[in-house]
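A.B. asks: Handing you this structure, nothing more for now.
The values are calculated or read from the model by the stated rules, or taken from the named source; none is laboratory data. Computed from a prediction, not measured in an experiment: that's the story for all the values here. Ideal geometry is used to build each Cβ from the backbone, glycine not excepted, and the neighbour counts take in all protein chains shown. The area values use the complete protein model at the heavy-atom level, side chains included, leaving out ligands, DNA and RNA. Shrake-Rupley method; radii C 1.70, N 1.55, O 1.52, S 1.80 Å.
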Amino acid sequence: MIKENKVLKELKGGQIISIISLVDALIEEAHELRSSDIHIDPRENEVKIRLRIDGMLQDVYEFPKDIQQEVVTRIKVLAGIRTDEHQTGQDGRFRVISEHMGAIDVRVSIAPTYYGENAVLRLLSDRAEKFTLDTLGFRTEDMEKIDHAMRKPYGMILATGPTGSGKTTTLYTILKALHTPGVSIITIEDPIEYAINDIIQMQVNSKTGLSFANGLRSILRQDPDIIMVGEIRDGETAGLAVNTALTGHLVLSSLHTNDAATTLPRLLDLGIEPYLITATVNVIIAQRLVRKICEKCKIKHVFTKYELKYLDRISGKTSFDKDAQTYRGQGCDDCNYSGYFGRIGIYEVFEMDETVREAMLKRSSAFEIKKTAIARGMKTMVDDGFDKVKEGITTVEEVLRVIHE
């Protein structure tokens, strides 16, 4: 259970004081606990409330079953969606403004389930606006590679990784660094995560036929210098993005691939010719998010010989000395007894150079391309993660969890 009890104050002996106050208190508490999502999940005899904190879902409350529909209806009213529709999924959005929280955009998804309608609320605060490449966890050498790619007048900067790996935050951070009075920046996103002043942002809309591909065509007639395409999902969008990068625009986008090297064969699968890929891709950033050890309850930890042997086998080399000292969190009030507080990225930054271009033109496998990149100095995500373990930022368990080893 979480340490705060503001929401429970709205429940007195099972009596709901106010559904409006209850929903407001839930959003406020979720924000204070750094939660990215609120899950309101109906069960047979109760409604379970779960919060995603630092990427992990935690059970926090159980509401009485008889207020389920009232809570969902209140959320629908806030999001401006139909309250008389219960048999189909609905999406909406609303903004909460308070003295304590400032302005928070809340994205709402409602879906019918066996035990009634559920609701998932994504909290979109302005925290992403405060990030820099340094605070996101990039090494100095990797920041230099990204900075070099950003200074080019055209080409592609790609962020890759699974859902929830921080790709959008990385792209927004780069956009913020590129945002100067002398350039025109336009984005096409699904959905718009954060509003950025003086940048034109468009949202994909399936009802009106505004797809990433159609949106990109529209954007090109708007005289942009820099374009962000939220995600490359199909061959048509990939082809347009590559041609846009060839014709003097800097294009930022994301793909769902496991690592940086796999991105190049993925573009081939989408129908892009190797010579076009090598001519347009400037840099690929593959990433995951790991939880940071809580500073308030951090304690030292020495690996056993079995742990060391296992870690060496995973990375294919000696990653830690036998006397290596690392840390972990014991759990305390500040971190809700999880041992972790906040998150940071682990990365591999793949820069396109002549050696990689030659391998790409020969249609080399992702394995061969990765081997070439490592030989040229690229640090893999595992190695970057293990470096952050040695620095006392995260734990080995976290690194292995996010790379699914």
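A.B. asks: Give, in whole angstrom and from largest to smallest, the semi-axes √(5λ) of the equivalent ellipsoid of the range 266-405, with λ running over the eigenvalues of the Cα gyration tensor.
C.D. replies: Ellipsoid half-lengths, sorted descending, are 36, 17, 11 Å.
A.B. asks: Additional query: With angles folded into 0 to 90 degrees, how steeply does helix 235-246 sit against the dominant principal axis of the chain? Use alpha carbons for both and round to 10.
C.D. replies: For 235-246 against the chain, the angle is about 60 degrees.
A.B. asks: Fully extended, how many nm does the chain gain between His86 and Lys48 (0.36 nm per residue separation, minus their Cα-Cα distance)?
C.D. replies: Length gained between His86 and Lys48: 11.8 nm.
A.B. asks: Can you tell me which of Asp383, Asp134, Asp225 moves the most in a GNM of the chain? Springs connect C-alpha atoms under 10 Å apart.
C.D. replies: Looking only at Asp383, Asp134, Asp225, the biggest GNM fluctuation is shown by Asp134.
A.B. asks: For Lys362, go through the lysines and keep the ones whose alpha-carbon is under 16 Å away, minus same-chain ones fewer than eight residues off.
C.D. replies: Straight-distance partners of Lys362: Lys370, Lys371.
A.B. asks: Could you work out the relative contact order of the chain, using alpha carbon pairs under 8 angstrom and six or more residues apart, expressed as a whole percent?
C.D. replies: Relative contact order, the chain: 12 percent.
A.B. asks: Dipole size in debye (nearest 20) for the range 127-197 around its Cα centre, Lys and Arg Cβ +1, Asp and Glu Cβ -1?
C.D. replies: 80 debye
A.B. asks: If R₀ is 35 angstrom, what is the calculated FRET efficiency for the pair Tyr114 and Arg34, using the beta carbon separation as r and rounding to 0.05? Provide the component values of the computation, followed by the final result.
C.D. replies: Numbers: r = 31 Å, r/R0 = 0.89.
According to the calculation, E is roughly 0.65.
A.B. asks: Can you tell me the accessible area per residue over the chain, all protein chains present, probe 1.4 angstrom, in square angstrom?
C.D. replies: The answer is 48 Å² per residue.
A.B. asks: Is it possible to state the helix-based mean residue ellipticity at 222 nm for the chain, with each DSSP H run of 4+ residues giving -39500 (n - 2.57), the sum divided by total residues, to the nearest 500 deg cm²/dmol? What is it?
C.D. replies: Calculated from helices alone, the mean residue ellipticity at 222 nm is -10000 deg cm²/dmol.
A.B. asks: Quick one: accessible surface of Lys370, probe radius 1.4 Å, all protein chains present, in square angstrom to the nearest 10.
C.D. replies: 50 Å²
A.B. asks: Here is a further query. Distance from the Cα centre of the range 344-405 to that of the range 204-266, in angstrom?
C.D. replies: The range 344-405 and the range 204-266 have Cα centres spaced 24 Å from each other.
A.B. asks: Let me ask something else about it. For Phe341, what charge total do you get from the other residues with a beta carbon under 12 Å from its beta carbon, if Lys and Arg give +1 and Asp and Glu give -1?
C.D. replies: Taking every Cβ under 12 Å from that of Phe341, the sum is +2.
A.B. asks: Quick check on packing: order 77-86, 292-301 by the mean number of other C-beta atoms within 10 Å, highest mean leading.
C.D. replies: Most protected by this proxy first, the peptides run 292-301, 77-86.
A.B. asks: Largest first, please: the extent of the C-alpha atoms of the range 175-297 along each principal axis, to the nearest Å.
C.D. replies: 54, 36, 34
A.B. asks: Tell me, what % of the accessible area of the range 74-143 is carbon and sulfur with a 1.4 angstrom probe?
C.D. replies: Ligands and nucleic acids excluded, carbon and sulfur reach 50 percent.
A.B. asks: Of all DSSP beta bridges located in the range 119-272, what percent are antiparallel, nearest 5?
C.D. replies: Rounded to the nearest five, the antiparallel share is 5 percent.
A.B. asks: Determine the dipole magnitude for the chain: charges of +1 sit on the beta-carbon of Lys and Arg, -1 on that of Asp and Glu, nothing else is charged, the reference point is the Cα centre, and the result goes in debye to the nearest 20.
C.D. replies: Dipole about the Cα centre, nearest 20: 600 debye.
A.B. asks: Once both axes come from the Cα atoms, what is the angle between helix 260-269 and the longest principal axis of the chain, in degrees from 0 to 90, rounded to 10?
C.D. replies: With both axes taken from Cα atoms, the answer is about 80 degrees.
A.B. asks: Please compute the length gained on full extension between Asp66 and Tyr306, using 0.36 nm multiplied by the number of residues separating them and subtracting their Cα-Cα distance.
C.D. replies: Fully extending the segment from Asp66 to Tyr306 adds 81.2 nm.
A.B. asks: Based on the alpha-carbon gyration tensor of the chain, what equivalent-ellipsoid semi-axes (square roots of 5 times the eigenvalues) come out, in whole Å, largest first?
C.D. replies: Computed over the chain, the values are 38, 30, 18 Å.
A.B. asks: Right, next: Accessible area of His256, 1.4 Å probe, to the nearest 10 Å²?
C.D. replies: We get 90 Å² for His256.
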